[in-house]
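Nothing in this text is a laboratory measurement; each read-out follows from the coordinates by a stated rule. Owing to the predicted nature of the structure, the values given are computational and were not obtained by experimental measurement. Neighbour counts are summed over all protein chains in view; Cβ atoms, including those assigned to glycine, are modelled from backbone coordinates with ideal geometry.
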Amino acid sequence: MRLTSVAVALIAAAACSTPSTPDDPCAATPGTGIRTGSSADLTIWVVHPRSTDGCITQRLDSHFVFRAPAVTPVGRLFVFLPGTTAIAQYYQLIVAEAARAGYHAVGISYPNDNAVGVLCASQPATCYGDARLEILTGQATSSVVAVDRANCIENRIVKLLRFMRTTEPAGDWGQFLLGDTAVVWSKVAVAGHSQGGGHTLFIAQRYAVWRATAYSSAGDFLAGSATVAPWVLQPYATPATRLFGFISNADELVSPVPTLAAWSAIGMAGAAVDVDVTTPPFGATQRFVTTAAPANPLVTVSPNHNVVAVDVNTPKVGGTTTPVFAGVWRALSFP
C-alpha cells in the first residue's frame, strides 16, 4: 500500500527515555507525539507506541490521533483497527471523518502480521476465538499467537488515551478511561477493516460498545468453508441494533454472500442497502454493500477488499481528496 494524501511526519521511536523504576517498569514519554495539521479543521498526533508504554515491543508502527478543535465534541471515542499487515497510517481518511463528526478519533496499530484465518486453518474451531482473545487482552489463550498484555489492543488503547490526556489536557481524553487501566467501552464506536473488522465484532461481543462496524469482515470463517467460527455466533454484550457492516460486492478476499448472511445471523437487521444508489440516512438497515470501482486498483493486490475503508483504494469525489463514502462512514460508524 502507498501513503495516504494526509501528509504527516512519523515520529521517531521514543523508547523509555524516562528511567524505569521498580514502580514503573514500562515508563513512557508523554508529550512526544508529533502534532501537525493536515488541514485547517484538523489537528493530528502521530504517536509511536513506545511513547505511550516502554514495554510495547511488537508492531511499532505509529498510532494516528485526530481531533477537530472547532467542532463541538460529542463525548465519544472512535477507534479504528487495521486489517492484516496494515497500519493506522493507511486509514487516515475514515478516522479524520470521525473527528469532523465531533469524535475523539484514533487509529491503532497492533500485532496483525498474520491473518487469524491462516493461523487457525489447521487448528480446532476454537482457535479463532482464542487467538482473538489473546490479541485483544494479552491473555495466554492461544498457541498460534504470542501477544502479552503490554502489546495487546486493549493496553495500546489505554496507554494512548493516557498519553493524550497528558499531551492535550484540554481534550478531556480521560473521560474514556476507567480507573486509568481500562476503556469506557460504552462511549466507544469501534470499527475495523478485514482482520480489524473481526476484532471489532469480538470486542462488541465482549463489551457493550456504543457502536461497532465491521468493514469487509464477518469475523472468521472456518478454513475452506462458508461456516463462521463458533465465536461469531455467541451472544453479544452490544445490542444487535448497534452492529453494522460494509463490504464490496466484488471483494476478492472475503466472500460477500456468506458475509451478509453472517451479519444477518448476529442480528444486523434489514435488507442490504447498495450505497451506490441510495443516499443517507439509508433507513433502518445495518448491512451495506457497494460495487464502486476502487481508486488506484493496481497499487494493491486486493483493491475491492480495500475499497470500503483503505485510503489509497477508497474512491474520491472527482478531482478532490474527499472520500465518496464519507456520508456512508458517518451513518455506519459515527452518526
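Considering only P73, V116, G219, whose Cα is most displaced toward the positive end of the charge dipole of region 34-333, charges sitting on Cβ of Lys, Arg (+1) and Asp, Glu (-1)? The listed residue farthest towards the positive side: P73.
Label the chain by shape, choosing from rounded, prolate and oblate, from the square roots a ≥ b ≥ c of the eigenvalues of the Cα gyration tensor; if a/c is under 1.5 it is rounded, and otherwise prolate applies when a/b is larger than b/c, oblate when it is not. In terms of gyration-tensor shape, oblate. Only beta bridges with both residues in the chain are counted; by DSSP, about 40 percent of them are antiparallel.
For the chain, no complete DSSP H run has alpha carbons reaching 30 Å or more along its own long axis together with a mean Kyte-Doolittle score of -1.0 or higher.
Put simply, when 113-119, 191-197 are sorted by average Cβ atoms within 10 angstrom per residue, most first, you get 191-197, 113-119.
Between the C-alpha center of region 68-118 and that of region 206-231 there is a gap of 18 Å. Over region 34-333, Cα pairs under 8 Å with separation of 6+ residues give a relative contact order of 14 percent.
For region 173-322, the extents of the C-alpha atoms along the principal axes are 46, 39, 31 Å, listed from largest to smallest. The dipole here belongs to region 34-333: it is taken about the Cα centre, uses +1 on the Cβ of Lys and Arg and -1 on the Cβ of Asp and Glu, and is about 620 debye. Calculated FRET efficiency, Q123 to L233, Cβ-Cβ distance, R0 = 25 Å: about 0.85 to the nearest 0.05.
Full extension of the chain between L178 and N114 yields a length gain of 19.9 nm, computed as 0.36 nm times the residue separation minus the alpha carbon distance.
Computed across region 272-335, the Kirkwood radius stands at 12.2 Å (inverse of mean 1/r, all Cα pairs).
Name all residues of region 242-256 having a backbone nitrogen under 20 Å from the label point set 7 Å from the Cα of A284 along its Cα→Cβ direction, giving them as ranges. Hits in region 242-256 for A284 at 20 Å: 242-246. Take every pair of alpha-carbon atoms less than 8 Å apart whose residues are at least six positions apart; their mean separation over the length of region 117-250 yields a relative contact order of 20 percent.
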